[in-house]
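The values are calculated or read from the model by the stated rules, or taken from the named source; none is laboratory data. Bear in mind the structure is a predicted one, so any value in this text is a computation, not a measurement. Virtual Cβ from ideal backbone geometry, glycine too; neighbours counted across all protein chains shown. Just the protein is used for accessible areas: all its heavy atoms, side chains included, with ligands, DNA and RNA removed. Shrake-Rupley method; radii C 1.70, N 1.55, O 1.52, S 1.80 Å.
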Amino acid sequence: MTKRVLSGVQPTGVLHLGNWLGAIRNWVDLQKTHETFFCVVDLHAITVGHNPNDLKENTLSTAALYVACGIDPKLSTIFVQSHVSAHSELCWLLNCVTPLNWMERMIQFKEKAIKQGDNVSIGLLDYPVLMAADILLYQSDLVPVGEDQKQHLELARDIAQQRINNRFNIKGNDSILKIPKALIMKEGAKIMSLQDGRKKMSKSDPNEGSRIGLLDAPELITKKIKRAKTDSLLGLEFDNPDRPEANNLLTLYTILSGTNKESAALECKEIGWGKFKNLLTEACISKIEPIQKKYNQLIKDPDQLNFILEEGRTKAEEVAESTLKKVKDAFGLLEIN
Ligand code: AQP
């Protein structure tokens, strides 16, 4: 049987090279061999402070960028999380069986909570349960995860096994929820900030110059790469712990120029930073250009985008509603016809 995969990106800003090279690029391959569901996780994006107008715009641009990057609506189900109300409903049901102390251990919560000061919402604490609902609703076999999401996937597995299947599967037949497995992503896909090679490239980094957005104009890309942090050594190399910027930019160059690690390392071994940055800029612009072209066509055609999202919602709802019904039934919630 074809394995089912679910993943998503938060519309917390315009997608950047990290989102593309670390996630979406792999989804494009996965859709050829798996049954794939890709959502824009807008309910996750509101767990931190947000601007409503930006959220709408980013939700649409994220969906359009999925398609522009090569997610094919004929092969994959593309939808917006909040369009399928089963996500919020299952989240509530899971909340009622998830111990609070499991949540307090979540590293990402602790990290994000520090940044929020006194404004930490219950939603931020509950983020991993909503993520569990996203995954479990689709009875997903595999979830592509980066290092930072492994703990959340473990939580989803524990909730499904210990708190739902073991407790409520009294009929003893098929399990209620499928236990998903992590799909480890391609090596070298973690993209770091242009301003700090030890920090992940992030949509919410207040420093615009730390990331290359997939919608950045060529002049802006040139400027950002020119200003990217370097070190005082000549030549670039991989995996030197004292040279995180060299490792990051060389990784970017390897992926964007379509070469391999050995050739890139050889080519850039003795090159100066200025010359290297020109090469990187050229590779980056030429790879992003076709994505931007497709994106611009799509964003000018709201009917086409609405059609994709409407169709995605219908397909996603069908699967999600069937799982939700199973869980409600197992919980003993009364149904009337
Ligand atoms: N820098 C990165 N390198 C590789 N992969 C990355 N991803 C994000 N940043 C990088 C991958 O993109 C997918 C979607 O991420 P997300 O938007 O749901 O959350 P995130 O990981 O928190 O992404 P950001 O850009 O850092 O968003 P904010 O700033 O809002 O927190 C995931 O698969 C992620 O691994």
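In region 16-38, of all residues being within 10 Å of the ligand (Cβ to nearest atom) and in contact with a Gly (Cβ under 7 Å, 6 or more places away or on another chain), the one that is nearest to SER202 (Cα to Cα) corresponds to HIS16.
What do you reckon, is ASP72 within 17 Å of SER7 (Cβ to Cβ) and in contact with a Pro (Cβ under 6 Å, 6 or more places away or on another chain)? For ASP72, the condition - within 17 Å of SER7 (Cβ to Cβ) and in contact with a Pro (Cβ under 6 Å, 6 or more places away or on another chain) - is not met. When the criteria are applied in full, VAL80 fails the requirement of being at pLDDT below 95 and crowded, with 16+ Cβ neighbours inside 10 Å.
Would you say ARG198 is within 14 Å of the ligand (Cβ to nearest atom) and open to solvent by 20 Å² or more (accessible area, probe 1.4 Å)? Walk me through how you get there before you give the answer.
Details: within 14 Å of the ligand (Cβ to nearest atom): yes; open to solvent by 20 Å² or more (accessible area, probe 1.4 Å): yes.
Criteria met by ARG198.
State yes or no: is GLN292 touching a helix residue (DSSP H, G or I) at 6+ places or on another chain (Cβ under 8 Å) and at pLDDT 95 or above? Considered against the rule, which asks whether it is touching a helix residue (DSSP H, G or I) at 6+ places or on another chain (Cβ under 8 Å) and at pLDDT 95 or above, GLN292 comes out as yes.
Conditions (1) over 19 Å from ILE212 (Cα atoms); (2) more than 12 Å from the chain's Cα centre (by Cα); (3) surrounded by 19 or more Cβ atoms within 10 Å (Cβ to Cβ), marked per residue:
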{"site": "GLN10", "(1), (2), (3)": "no, no, yes"}
{"site": "VAL28", "(1), (2), (3)": "yes, yes, no"}
{"site": "PHE37", "(1), (2), (3)": "yes, yes, yes"}
{"site": "PRO52", "(1), (2), (3)": "yes, yes, no"}
{"site": "THR59", "(1), (2), (3)": "no, yes, yes"}
{"site": "ALA68", "(1), (2), (3)": "no, yes, yes"}
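Of the residues contained in region 147-168, none is found to be modelled with pLDDT under 95, in contact with a Leu (Cβ under 8 Å, 6 or more places away or on another chain), within 15 Å of the ligand (Cβ to nearest atom) and under 23 Å from GLN10 (Cβ atoms).
Of the candidates MET131, MET185, the single residue that is closer than 30 Å to MET1 by Cα and either in contact with a strand residue (DSSP E or B) (Cβ under 8 Å, 6 or more places away or on another chain) or open to solvent by 50 Å² or more (accessible area, probe 1.4 Å) (or both) is MET185.
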